[in-house]
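Enquirer: Can you read through this structure? Questions will come right after.
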Amino acid sequence: MQVFVESVGLLGPGLAGWLASRPVLAGEAPYVPGQVLLPPTDALPAVERRRTGLPVRLALNTGLDALGRSVRPPDTVATVFTSSGADGLVNHQICESLAGAERDVSPTRFHNSVHNAPAGYWSIALRSPAPSTSLSCFDWSFVAGLLEACAYCITEAQPVLLISYDLPYPEPLHAVRPITGTLGAALLLAPEATSDSFACIDIQTEPSARAPTRMDDPALEALRIGNPTGRALPVLRALTGPATGTLVVDYLNGGSVTVAVSPC
Amino acid sequence: MKPLTLSAFTLTTSLGVGLRAHLEALRAGRSGLAPCAFESVRLDTWVGQVPDEQLVPLPAKLAAFDCRNNRLAQLALVQDGFLETVAAARNRYGVDRIGLFLGTSTSGLLNTELAYRHRDARSGALPAGFDYAATHSGFSLARFVQAQLELKGPAAVVSTACSSSAKVFASAARMITSGLCDAAVIGGADSLCLTTLYGFASLGLLSSAPCRPFDGERAGISIGEGAGFAFLEPARAQEPAGTVRLLGVGESSDAHHMSTPHPEGAGARAAMQRALCSAGLAAQDIDYVNLHGTATRSNDAAEDQAVSDLFGTGIWCSSTKGATGHLLGASGIAEAVICALALREQFIPGSANTRRLDPGLRVRYLLDSAAQAPQRVMSNSFGFGGSNCSLVLGRVH
């Protein structure tokens, strides 16, 4: 499956947007982990803005990092959101409340607990009626989202924005589902080369296991294996420069996905 | 889109286990709803619960996945020759070439809710043996079904609230068209849990009586549970009369509010229009619409407007949620299977529990199931976050 990359978004510890992160991923600047700044999205009405938690802010800011540099009208771009588990904090708060005597679940917490909450806020913020889906595929969520986004792009002959995001859960959930760091990655994909596309990616699934492409920096490698969205990092690194290369991302059942990146 | 054949399908809800039970119950206008006696829930509401005694532990080799949601999925999978269809398909296509796309909104969340009652007093830790990946995570359902069906193709869980298991039809169609797989198992499962019961109660959306879609006195939803599956493969030229096919899928976003539909049903209408377009059909080609019809005041009013704007007021419509309850993430597959049954068995399901139609609503609403000859039908699923999906299914002449 061949698609064309028009824009990239990235937010993570020490990764403050795609433009600032490019030299780091390319190995031209040192990686210095730091705070992830996740402001509420200005585009949301005030009431909705107050209701958003960190997962929604992470997903929206990452998506806007990519879409902000695109000439495409934001309300015409379909979206694929993917995350291992969306809002662990809200889930934790609801479970705590349900284990108590009162069993109070706030309406806002409840509607924020759905896995597609970021997609809902996204469509409200951008007034976008475009189709959107929200996937969950445990450690393989980024790859599942990439396959879904590419399939959408090709079969519908429409651009699509993939937004992958994962962040740590609070205890006691963290102990049973540890996730490293707060990380969002986005790819704006088009079905054919355009004046804005700068790379072509060709994706194949492989039933057999192949060694996944690693990050050279130990801290970035820890993100790659510790955060489901971290599986995007080798793909994003390959998009930093003009070189052609093929990389491997691990997938379900011991399989893998190869991503061939070339300039266009 | 190129039509896909539903070579097998099955459904388990509070109406019964498997297709025969559903056909009989729908024809007779029976409802599976009963006053809520689920777990320790103290809410004045009705639910469509699958009896606990039917949800037996999983086979030993799959015991790690044991939770109510996966038990429900297991109960559904072993009905209607579904396992046999998939086994034959494994030989025909190969295990790597069959995709798996399932919808759920809460997956095994009940397990976590129960585990939170048994946290360590000092550390707050969850009980030893609690397995998040296998029994709680959204993807737990797909991992379990993939293991049960011995499949190794692409897989994903779609979780878009109440449109989840309708949207899996779209994912599967795209994956097959783009060559990532040759065929797919699709479906979904959602089981009762405290988060959804108390959550919908907090929004004031739970009815204290059995839900009554499109009724003038409708007062909210009744939550149900269920699991359904279908096997999708490219349609062949010569298929027996009565074979059911997926003809079109349409998706849209409301861009309006997190938990309230667009008042004029703009997003719903866009999804229906796109589904018709995807099927290459016009509104007059559709014989019946299985409505999302949740029985909240605002949902039914918005959908009524969207359907009557697009189809006029002559087309037969009904919601089957008065029979099954609202299956949330499983409602898409449940209602698609009910539509497939209607096409195969040539009837249109009525609306259990609806007594007197809301005079303010305009669609031609069917109260009692009727023998009819539907050829092409639409099924609507609309969810929180403004996630809309409509399916068009048809039968081979």
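Enquirer: Name the residue that is farthest from the chain's Cα centre (by Cα), counting only residues in the range A:54-75 that are within 14 Å of chain B (Cβ to nearest Cβ) and within 16 Å of A:Asp196 (Cα to Cα). Don't jump to the end; show me each part of the working.
Expert: Quick first cut of the range A:54-75, residues within 14 Å of chain B (Cβ to nearest Cβ) only: A:55-56, A:59-60, A:63, A:73-75.
Filter once more, so that each one left must be within 16 Å of A:Asp196 (Cα to Cα): A:73-74.
Numbers: A:Pro73: 20, A:Pro74: 17 Å.
Within the range A:54-75, the match that is farthest from the chain's Cα centre (by Cα) is A:Pro73.
Enquirer: Another one. Restricting the search to the range B:144-175, which residues are within 7 Å of another protein chain (Cβ to nearest Cβ), assigned to a helix (DSSP H, G or I) and either touching a Pro at 6+ places or on another chain (Cβ under 9 Å) or closer than 21 Å to B:Ser105 by Cα (or both)?
Expert: Kept after step one, since they are within 7 Å of another protein chain (Cβ to nearest Cβ), are these residues of the range B:144-175: B:152, B:154-161, B:167, B:171, B:174-175.
From what is left, the residues that are assigned to a helix (DSSP H, G or I) are B:161, B:167, B:171, B:174-175.
B:Ala161, B:Lys167, B:Ser171, B:Met175, listed by residue number.
Enquirer: Within the range B:59-98, can you find the residues that are over 16 Å from B:Val337 (Cβ atoms) and aromatic (Phe, Trp, Tyr)?
Expert: B:Phe65, B:Tyr93
Enquirer: Looking at this structure, is A:Gln158 more than 7 Å from every other protein chain (Cβ to nearest Cβ), over 16 Å from the mean Cα position of the chain (by Cα) and within 20 Å of A:Gly63 (Cα to Cα)?
Expert: Numbers: more than 7 Å from every other protein chain (Cβ to nearest Cβ): yes; over 16 Å from the mean Cα position of the chain (by Cα): yes; within 20 Å of A:Gly63 (Cα to Cα): yes.
Criteria met by A:Gln158.
Enquirer: Answer with yes or no whether B:Leu141 is more than 21 Å from A:Glu171 (Cβ to Cβ), more than 9 Å from every other protein chain (Cβ to nearest Cβ), in a helix (DSSP H, G or I) and in contact with a Ser or Thr (Cβ under 7 Å, 6 or more places away or on another chain).
Expert: yes
Enquirer: From B:Gly124, B:Gly129, which residue is within 9 Å of chain A (Cβ to nearest Cβ), surrounded by fewer than 24 Cβ atoms within 10 Å (Cβ to Cβ), on the phi > 0 side of the Ramachandran plot and free of Cβ contacts under 8 Å to residues at least 24 places away in the same chain? Working first, answer last.
Expert: Details: B:Gly129 fails: within 9 Å of chain A (Cβ to nearest Cβ).
Just a single option satisfies the conditions, and that option is B:Gly124.
Enquirer: Determine which single condition A:Asp104 fails, assuming it passes every other condition in (1) facing another protein chain (nearest Cβ under 8 Å); (2) closer than 21 Å to B:Gly329 by Cβ.
Expert: (2)
Enquirer: For B:Ser105, all conditions in the list (1) without any contact (Cβ under 8 Å) to a residue 60 or more places away in the chain; (2) at the interface with chain A (Cβ under 8 Å from one of its Cβ atoms); (3) of a type outside the set (Lys, Arg) hold save one; what is the number of the exception?
Expert: (1)
Enquirer: Here's something else I'd like to know. Within the range A:102-156, which helices (runs of 4 or more DSSP H) (wholly inside it) include 3 or more residues that are out of contact with any Ser or Thr (no Cβ under 8 Å at 6 or more places or on another chain) and modelled with pLDDT of 95 or more?
Expert: Numbers: elements: A:107-112, A:117-125, A:141-156.
Where helices (runs of 4 or more DSSP H) fall fully within the range A:102-156 and carry at least 3 residues being out of contact with any Ser or Thr (no Cβ under 8 Å at 6 or more places or on another chain) and modelled with pLDDT of 95 or more, they are A:141-156.
Enquirer: May I ask you to list the residues in the range A:171-229 that are in a loop (DSSP other than H, G, I, E, B), charged (D, E, K, R) and either in contact with a Gly (Cβ under 6 Å, 6 or more places away or on another chain) or more than 14 Å from A:Val248 (Cα to Cα) (or both)? Walk me through it before giving the result.
Expert: Filtering the range A:171-229 for residues in a loop (DSSP other than H, G, I, E, B) gives A:171-172, A:177-182, A:191-198, A:207-217, A:227.
Narrowing the set further to residues that are charged (D, E, K, R) leaves A:171, A:177, A:192, A:196, A:210, A:214, A:216-217.
Matches in the range A:171-229: A:Glu171, A:Arg177, A:Glu192, A:Asp196, A:Asp216, A:Asp217.
Enquirer: Another one. Scan the range B:176-196 for residues that are more than 13 Å from chain A (Cβ to nearest Cβ), assigned to a strand (DSSP E or B) and among the small types (Gly, Ala, Ser) and jot them down.
Expert: B:Ala183, B:Gly187, B:Ala189
Enquirer: What number of residues within the range A:71-96 satisfy the criterion of being in contact (Cβ under 8 Å) with a residue 24 or more places away in the chain, more than 17 Å from A:Tyr152 (Cβ to Cβ) and either in contact with an Asp or Glu (Cβ under 9 Å, 6 or more places away or on another chain) or small (Gly, Ala, Ser) (or both)?
Expert: Residues flagged as in contact (Cβ under 8 Å) with a residue 24 or more places away in the chain, more than 17 Å from A:Tyr152 (Cβ to Cβ) and either in contact with an Asp or Glu (Cβ under 9 Å, 6 or more places away or on another chain) or small (Gly, Ala, Ser) (or both) within the range A:71-96 amount to 7.
Enquirer: From the residues in the range B:239-281 that are more than 10 Å from chain A (Cβ to nearest Cβ) and of a type in the set (S, T, N, Q), which one is surrounded by the most Cβ atoms within 10 Å (Cβ to Cβ)?
Expert: B:Thr243
Enquirer: If I go through the range A:131-169 residue by residue, how many of them are in contact with a Lys or Arg (Cβ under 7 Å, 6 or more places away or on another chain) and not small (Gly, Ala, Ser)?
Expert: Pass one, the range A:131-169, residues in contact with a Lys or Arg (Cβ under 7 Å, 6 or more places away or on another chain): A:133, A:142-143, A:151-152, A:155, A:159, A:169.
Going one step further and asking which of them are not small (Gly, Ala, Ser), we end up with A:133, A:142-143, A:152, A:155, A:159, A:169.
So the answer is 7.
Enquirer: While we're here: Could you list, in sequence order, all residues of the range A:126-143 that are within 27 Å of A:Gln93 (Cβ to Cβ) and surrounded by 24 or more Cβ atoms within 10 Å (Cβ to Cβ)? Walk me through how you get there before you give the answer.
Expert: Restricting attention to the range A:126-143, the residues satisfying the condition of being within 27 Å of A:Gln93 (Cβ to Cβ) are A:132-139, A:141-142.
A:Ser132, A:Thr133, A:Ser134, A:Leu135, A:Ser136, A:Cys137, A:Ser141, A:Phe142 - these are the residues of the range A:126-143 that are within 27 Å of A:Gln93 (Cβ to Cβ) and surrounded by 24 or more Cβ atoms within 10 Å (Cβ to Cβ).
Enquirer: Tell me which of these B:Gly129 doesn't satisfy, since it passes every other one: (1) in a helix (DSSP H, G or I); (2) farther than 24 Å from B:Glu84 by Cα.
Expert: Failing condition for B:Gly129: (1).
The values are calculated or read from the model by the stated rules, or taken from the named source; none is laboratory data. Because the structure is predicted, anything quoted here is derived from the model rather than measured. Reconstructed Cβ throughout: ideal geometry from the backbone, glycine too, with neighbour counts over all protein chains shown.
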